[in-house]
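Engineer: My questions all concern the structure below.
The values are calculated or read from the model by the stated rules, or taken from the named source; none is laboratory data. Bear in mind the structure is a predicted one, so any value in this text is a computation, not a measurement. Cβ: placed from backbone, ideal geometry, glycine included. Neighbour counts: every protein chain shown.
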Amino acid sequence: MTTLLKTPPHGASGSQVVTRSSPEGDMKLVGAVSGLEYLKGLVTSKAVLPICALLDFEPIAFEHGKAVFAGTPAEVHYNPMGTVHGGFAATLLDSALGSAVHTMLQPGFCYTTIELKVNYVRPLRSSTGRVTCEGTVIHNGSRIATAEAWLRDASGKLYAHGTTTCLIFRV
């Protein structure tokens, strides 16, 4: 088990502790089951994913070639200009894009992002409410995969969209 401590921003009090299984154990499981089985297991087990805990978003659903994540932008995500930092949207997009690719992989294979392109359409704020990011695979080859994703609010308004290129490799 690994314990991670999330510390508050400058001047704030409190902290959050995140406990999870070891990364080595995760890689053994990745090598033993398909990408789709692995990701569906994360949702059903309610596993704590460190990046999700740190930025307060969650995996929602996985299907063959598709991944959905959701989160609620908050003031803790703000940049100095008074809007949510672009990294929040980029992380949701990267998670949905990469996971969509991962749903296509056979046991023993994994991926890494080699290119991420993000287009910000409008600023996120804490008043935006919950946003959902849906990623879909465009191409799934033996070594390279591409995907596209959209980040929308509850009414369907687009906030950001992006694409990725992923390298597929044996675990």
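Engineer: For Glu148, indicate whether it is surrounded by 18 or more Cβ atoms within 10 Å (Cβ to Cβ) and among the charged types (D, E, K, R).
Structural biologist: On the way: surrounded by 18 or more Cβ atoms within 10 Å (Cβ to Cβ): yes; among the charged types (D, E, K, R): yes.
Spelling it out, Glu148 is indeed surrounded by 18 or more Cβ atoms within 10 Å (Cβ to Cβ) and among the charged types (D, E, K, R).
Engineer: Right, something else. Checking Thr83 against (1) at pLDDT 95 or above; (2) under 17 Å from the mean Cα position of the chain (by Cα): exactly one of these is not met. Which one?
Structural biologist: Answer for Thr83: the failing condition is (2).
Engineer: Return the pair list, or none, for Cβ contacts closer than 6 Å from residues in the stretch 66-81 that are more than 9 Å from Cys133 (Cβ to Cβ) and of a type in the set (Ser, Thr, Tyr) to residues that are modelled with pLDDT of 95 or more and surrounded by fewer than 21 Cβ atoms within 10 Å (Cβ to Cβ), at least 6 apart or on different chains.
Structural biologist: As it stands, the answer is Thr72/Arg130, since those pairs meet every condition given.
Engineer: Please verify whether Phe88 is in a strand (DSSP E or B), aromatic (Phe, Trp, Tyr) and either more than 27 Å from Val30 (Cα to Cα) or modelled with pLDDT of 95 or more (or both), treating the condition exactly as stated. Break it down into steps so the answer makes sense when it comes.
Structural biologist: Numbers: in a strand (DSSP E or B): no; aromatic (Phe, Trp, Tyr): yes; either more than 27 Å from Val30 (Cα to Cα) or modelled with pLDDT of 95 or more (or both): yes.
No, not satisfied.
Engineer: Restrict the check to the stretch 19-42 and report whether at least one residue is assigned to a strand (DSSP E or B) and either at pLDDT 95 or above or hydrophobic (A, V, I, L, M, F, W, C) (or both). Full working, then the answer.
Structural biologist: Taking the stretch 19-42 first, the residues assigned to a strand (DSSP E or B) are 19-20.
With either at pLDDT 95 or above or hydrophobic (A, V, I, L, M, F, W, C) (or both) added as a condition, the list becomes none.
There is no residue in the stretch 19-42 that is assigned to a strand (DSSP E or B) and either at pLDDT 95 or above or hydrophobic (A, V, I, L, M, F, W, C) (or both).
Engineer: Show the residue pairs that are 6+ apart or on different chains and have beta-carbon atoms under 6 Å apart, the first residue being within the stretch 32-59 and at positive phi, the second being at pLDDT 95 or above and crowded, with 18+ Cβ neighbours inside 10 Å.
Structural biologist: So the pair list comes out as Asp56/Gly71.
Engineer: Got a number for residues in the stretch 43-61 being small (Gly, Ala, Ser), within 22 Å of Gly129 (Cα to Cα) and assigned to a helix (DSSP H, G or I)?
Structural biologist: As a first pass, look at the stretch 43-61 and keep what is small (Gly, Ala, Ser): 45, 47, 53, 61.
Applying the additional criterion that residues be within 22 Å of Gly129 (Cα to Cα) yields 53, 61.
Still in the list and also assigned to a helix (DSSP H, G or I): 53.
So the answer is 1.
Engineer: Do you know which residues across the stretch 109-143 are under 20 Å from Val30 (Cα atoms) and either polar (S, T, N, Q) or in a helix (DSSP H, G or I) (or both)?
Structural biologist: Listed by number, the residues that qualify are Thr112, Thr113, Asn140, Ser142.
Engineer: Of all residues in the stretch 144-158, count the ones that are over 13 Å from Gly71 (Cα atoms) and part of a strand (DSSP E or B). Reasoning before the result, please.
Structural biologist: The first filter runs over the stretch 144-158 and keeps only residues over 13 Å from Gly71 (Cα atoms), leaving 144-150, 155-158.
Keeping just the survivors that are part of a strand (DSSP E or B) gives 144-150, 158.
Residues flagged as over 13 Å from Gly71 (Cα atoms) and part of a strand (DSSP E or B) within the stretch 144-158 amount to 8.
Engineer: Would you confirm whether any residue within the stretch 5-12 is out of contact with any Asp or Glu (no Cβ under 9 Å at 6 or more places or on another chain), within 23 Å of Phe169 (Cβ to Cβ), modelled with pLDDT under 80 and not in a helix (DSSP H, G or I)?
Structural biologist: No, every residue in the stretch 5-12 fails to be out of contact with any Asp or Glu (no Cβ under 9 Å at 6 or more places or on another chain), within 23 Å of Phe169 (Cβ to Cβ), modelled with pLDDT under 80 and not in a helix (DSSP H, G or I).
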